[in-house]
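Colleague: Okay, handing you the structure first.
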Amino acid sequence: MSPFCRLARACAIAARTSLALSAAVAALFAVATATPTAASADTDTNAAKYYGMWNYDQPDAATLNNVDVLACPDGGGRCDRQLPLPLQVPQVGWVVFSPGPHGTVDGTTDGGCTWNFRVQRTGLELSSTIQQCVNRAVGSLGNITKWSVQVKGNRETESIVAVSHQPNGVDLIGTMKSGSRTKVVGGRDSGKFVKRFLGDYRYDPADFHTLTNVVSTDKGTVYPEQGTVRFSATDKKGRINAHTPDGCDWTLTVRGDTAELDPATQTCHSATGDTSLVYWALVADDGRHMNAFRAGSTTTPNRPPANTFLYVGALTRSATGKAE
């Protein structure tokens, strides 16, 4: 157990949560298995306004916009009481809407899954409620029972209800009542967006009750994420470098307000072992704060590999880390 865990109960909560959340948080990050239904008489065939890449805006903990709230079904007691539920998980990343079969729309997320929607006069609605996904970042199964999308110009709003199937047979419900995204336009290499990321960002203090800046592993251990990440420009437009506190360097591509690991899997070798990342997404609307989700693994001598997850990442620009 991490020596930084001064509160025994808080550490126990986080450690037990590290196993349960590997299934729980996947639903909203989320290949759909349901067959798309034919367009109904109530559809609006003007689907083109939805097409394109849409990024989540900066999550807002005060209003819960772009925040998934995980809870037990109906507030019942079937879930492990040691889990810090309800748990708020900020959402980051993108979805690409494109033409689907029979007049439908497909929504492909950066989690590697594709969801199918009917086009209705009021917006997009899932074509069925039995579509399932396995999220590549955390390798867990879940399904979305409701995903409603509305678009006006380059602004998108949405609401989601998802079910995460736990290994112990208990389902967790993830609800995001208020979500918003912005369409990526004007080129993926827009300098004004890249500039928001450049400079030094420090991890906010870790909180073991909310899991903010707490790294969980599939071995049941937890530890705080801390230190400063230095983001700098590369010689390729739209690409940035992230130098992390462990001395590793990672490349990400900026599209609008979101930066994501590119290529999707990267490994850092050191004398004490290897660190790999399979997913890392950050959103920065204002150039002062970042929200992040990260998944990867560590390999050290004489120990089995451990999968690592930073579900709730929060960083603030350092006073001396002005944008370049």
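Colleague: Any idea which of VAL185, GLY199, VAL214 is furthest toward the positive side of the dipole for region 156-281, if Lys and Arg beta-carbons carry +1 and Asp and Glu beta-carbons -1?
Modeller: VAL185
Colleague: May I ask you to order 121-127, 150-156 by the average number of other C-beta atoms within 10 Å around their residues, highest value first?
Modeller: Going from most to least packed, we get 121-127, 150-156.
Colleague: Separate question: Provide the net charge surrounding ASN116, with neighbours chosen by a C-beta distance below 12 Å and charges set as Lys +1, Arg +1, Asp -1, Glu -1.
Modeller: Its environment carries a net charge of -1.
Colleague: While we're here: How do the peptides 279-287, 220-228 rank, highest first, by the average count of neighbouring beta carbon atoms within 10 Å per residue?
Modeller: By packing density, highest mean first, the sequence is 279-287, 220-228.
Colleague: On to the next question. How charged is the neighbourhood of SER270? Take every other residue with its Cβ under 15 Å from the Cβ of SER270, and add Lys/Arg as +1 and Asp/Glu as -1.
Modeller: Around SER270, the surrounding residues sum to -2.
Colleague: If we count every other residue with Cβ under 12 angstrom of SER148's Cβ, Lys/Arg +1 and Asp/Glu -1, where does the sum land?
Modeller: So the surrounding residues net to 0.
Colleague: What number, in percent, do you get for the relative contact order of region 82-212 if the mean sequence gap of Cα pairs under 8 Å and at least 6 apart is divided by its residue count?
Modeller: Value for region 82-212: 13 percent.
Colleague: Now for a different question. Please list VAL170, VAL278 from largest to smallest accessible area, probe radius 1.4 Å, with all protein chains kept in place.
Modeller: Sorted by accessible area, descending: VAL278, VAL170.
Colleague: Could you name the lysines whose alpha carbon sits less than 20 Å from that of LYS177, not counting residues in the same chain fewer than 8 places away?
Modeller: By straight Cα distance, LYS177 reaches LYS146, LYS152.
Colleague: Which whole-Hz couplings ³J(HN,Hα) result when phi for each residue of region 141-146 is put into the Karplus expression 6.51 cos²θ - 1.76 cosθ + 1.60, θ = phi - 60°, listed in order with x for Gly and Pro?
Modeller: Rounded to whole hertz, the list is 9, x, 9, 9, 8, 8.
Colleague: Using Cα pairs under 8 angstrom and six or more residues apart, how large is the relative contact order of region 198-299, in percent?
Modeller: 15 percent
Colleague: Follow-up. Given Cβ point charges of +1 (Lys, Arg) and -1 (Asp, Glu) and nothing else, what value in debye, to the nearest 20, does the dipole of region 122-231 about its Cα centre take?
Modeller: With only Lys, Arg, Asp and Glu charged at Cβ, the dipole is about 560 debye.
Colleague: Cβ neighbours within 10 Å, averaged per peptide: list 108-119, 60-71 in order, most packed at the top.
Modeller: Output ranking for 108-119, 60-71: 108-119, 60-71.
Colleague: With a cut-off of 8 Å between alpha carbons and a minimum separation of six or more residues, what is the relative contact order of region 167-235 in percent?
Modeller: With pairs under 8 Å counted, the relative contact order is 28 percent.
Colleague: In debye, nearest 20, what is the charge dipole magnitude of region 199-297 about its Cα centre with +1 on Lys and Arg Cβ and -1 on Asp and Glu Cβ, if you could check?
Modeller: So the dipole magnitude of region 199-297 works out to roughly 180 debye.
Colleague: Using each residue's phi in region 56-72, evaluate 6.51 cos²θ - 1.76 cosθ + 1.60 at θ = phi - 60° and report the 3J(HN,Hα) Karplus result to the nearest Hz, with x for Gly and Pro.
Modeller: In residue order, the calculated couplings are 4, 6, 4, x, 10, 5, 6, 9, 6, 5, 6, 10, 7, 9, 8, 8, 6 Hz.
Colleague: Can you send over the carbon and sulfur percentage of the accessible area for region 162-238, probe radius 1.4 Å, protein chains only?
Modeller: For region 162-238, the apolar C and S fraction of the accessible surface comes to 51 percent.
Colleague: Which value, in Å², gives the accessible area per residue of region 101-253 when a 1.4 Å probe is used on the protein heavy atoms?
Modeller: Using a 1.4 Å probe on heavy atoms only, each residue of region 101-253 averages 43 Å².
Colleague: To continue, here is another question. Translational diffusion coefficient of region 178-324 at 4 °C, 1.567 mPa s, Stokes-Einstein with Kirkwood Rh over Cα pairs, in µm²/s as a whole number.
Modeller: In µm²/s, the coefficient is 82.
The values are calculated or read from the model by the stated rules, or taken from the named source; none is laboratory data. Only a predicted model underlies this, so the values are computations on that prediction, with no experimental measurement involved. Don't worry about glycine lacking a Cβ; one is built from the backbone with ideal geometry, like all the others, and counts go over all protein chains shown. Note: areas computed on protein heavy atoms with side chains; ligands, DNA, RNA excluded. Shrake-Rupley method; radii C 1.70, N 1.55, O 1.52, S 1.80 Å.
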